[in-house]
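The values are calculated or read from the model by the stated rules, or taken from the named source; none is laboratory data. Quantities reported herein were computed from a predicted structural model and do not represent experimental measurements. FYI the Cβ positions are ideal-geometry reconstructions off the backbone, even for glycines, and counts take in every protein chain you see.
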Amino acid sequence: MAAVQIAHLKGARVIATASSEEKRKAAMANGAQHALPADAETLPSLVKALCPCGGVDVVFDSVGGDLFDASLRCIASHGLLLVIGFASGRIAQIPSNLLLLKNVSVSGFNYGQYIGWGLTDERLHYAAEVAQVIEQVLQAIENKTMPIPMTQHFAFSDWKNAIDTTMSRRSVGKVILDF
């Protein structure tokens with residue numbers, strides 16, 4: 001949801017994908033112009049119908065697996081596929097011939113590297129950049145040009161339901177345990 005909000009804030013035309021109607025509605029409420037089912041079979045044709053110039057410029061992929069494969073077919077010439085996770089459980093194998101034929105790039109992004117969760121602690125190196133981005137986001141929330149991040153709260157005593165909601169992918173936004 002943060003990717004949808006920030007892309008919208010930066011002026012991008014956002015096409016979101018989500019596994020449920022509730023999540024697609026949330027994406028639309030948070031700045032997406034379109035919200036499509038996260039179905040690898042139909043996604044490329046739906047995206048190409050919305051983008052007659054050949055596809056999208058940037059894909060933000062947190063799922064991997066079959067959706068990564070479909071996303072690679074959705075990307076326009078000279079586009080970028082940004083890999084940030086593998087929620088599907090399958091790490092995609094990239095057919096390099098498609099990268100060449102379509103003139104596209106695939107790049108990994110591990111946010112943890114910027115906040116001290118990487119192989120080495122590089123917080124000091126990136127501190128100024130991270131602080132600047134956080135300040136822009138907080139300013140956008142304060143100015144109401146970006147919605148407050150979505151959350152689902154659970155009482156601490158209901159922790160099993162909170163974990164089940166997360167693991168079953170029913171959560172919309174961040175799951176928070178209240179103490």
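Can you say whether residue 25 is among the basic types (Lys, Arg) and over 24 Å from residue 152 (Cβ atoms), as far as the supplied structure shows?
Criteria not met by residue 25.
Within the set of pairs 6 or more residues apart or between chains, which connect a residue that is without any contact (Cβ under 8 Å) to a residue 40 or more places away in the chain and under 15 Å from residue 28 (Cβ atoms) inside segment 1-15 to a residue that is in a loop (DSSP other than H, G, I, E, B) and not acidic (Asp, Glu) with Cβ atoms less than 8 Å apart?
The qualifying pairs are 4/14; 4/30; 4/31; 4/32; 13/33; 14/31; 14/32; 14/33.
Can you tell me which condition residue 19 does not meet? The list is (1) more than 22 Å from residue 147 (Cα to Cα); (2) surrounded by 14 or more Cβ atoms within 10 Å (Cβ to Cβ), and all the others hold.
Evaluating residue 19 over (1) more than 22 Å from residue 147 (Cα to Cα); (2) surrounded by 14 or more Cβ atoms within 10 Å (Cβ to Cβ) leaves (1) as the failure.
Could you look through segment 15-37, keep only residues that are modelled with pLDDT of 95 or more and part of a loop (DSSP other than H, G, I, E, B), and pick out the one that is nearest to residue 174 (Cα to Cα)?
In this case the residue turns out to be 32.
Output the residues belonging to segment 64-93 that are of a type in the set (S, T, N, Q) and under 15 Å from the mean Cα position of the chain (by Cα).
71, 88
All but one of (1) within 21 Å of the chain's Cα centre (by Cα); (2) surrounded by 11 or more Cβ atoms within 10 Å (Cβ to Cβ); (3) of a type in the set (D, E, K, R) hold for residue 135, so report the exception by its number.
Every listed condition holds for residue 135 apart from (2).
Any idea which of (1) surrounded by fewer than 17 Cβ atoms within 10 Å (Cβ to Cβ); (2) assigned to a helix (DSSP H, G or I); (3) small (Gly, Ala, Ser) is the one residue 54 doesn't satisfy?
The single condition residue 54 does not satisfy is (2).
Tell me which of these residue 63 doesn't satisfy, since it passes every other one: (1) crowded, with 18+ Cβ neighbours inside 10 Å; (2) not in a loop (DSSP other than H, G, I, E, B).
That leaves (2) as the condition not met.
For residue 175, only one of the following conditions fails: (1) part of a helix (DSSP H, G or I); (2) of a type in the set (A, V, I, L, M, F, W, C); (3) closer than 20 Å to residue 18 by Cα. What is its number?
So residue 175 meets the others, but not (1).
Residue 6: under 30 Å from residue 132 (Cβ atoms) and in the same structural domain as residue 129 (by TED's automatic domain parsing), yes or no?
So residue 6 passes the test.
Sort out which residues of segment 93-110 are surrounded by 12 or more Cβ atoms within 10 Å (Cβ to Cβ) and out of contact with any strand residue (DSSP E or B) (no Cβ under 8 Å at 6 or more places or on another chain), and write them in order of number.
Selection gives 98, 110.
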